[in-house]
Amino acid sequence: MAEKIRLKVKCHACGNIMEGSAKYGKGQYVPEGLDFKFVATGRHVDQAGKAKVRGDVEITCPHCETRNRYEI
Ligand SMILES: [Zn+2]
């Protein structure tokens, strides 16, 4: 059961908005759109009782080539 993760982040260096998505499930990660690197660190349950994956995201900005890291 793959979980779709939508990502919209801003480059720390140049402010470029980067959008993409990834599928996460059974240890597999398939990037869509921009090439986000995703490392799962756990799960958290939201107010609706739905479990969502948590992790660290890394992407190299296509505009200025700075490596950015985010926690989701
Ligand atoms: Zn940038």
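The values are calculated or read from the model by the stated rules, or taken from the named source; none is laboratory data. Predicted model only: the values in this text are computed from it and were never measured. Cβ atoms come from the backbone with ideal geometry, glycine included; neighbour counts cover every protein chain shown.
Here are some notes:
- For segment 35-66, the candidate set comprises residues that are of a type in the set (A, V, I, L, M, F, W, C) and more than 16 Å from the ligand (Cβ to nearest atom); within that set, the residue that is farthest from Lys10 (Cα to Cα) is Ala48.
- Reported count of residues in segment 7-32, each being at pLDDT 70 or above and surrounded by 15 or more Cβ atoms within 10 Å (Cβ to Cβ), is 9.
- Close pairs from segment 1-23: first touching a residue at least 60 places away in the same chain (Cβ under 8 Å), partner assigned to a loop (DSSP other than H, G, I, E, B), Cβ under 9 Å, at least 6 apart: Ile5/Phe36; Ile5/Ile72; Leu7/Leu34; Leu7/Phe36; Leu7/Ile72; Val9/Phe36; Val9/Ile72
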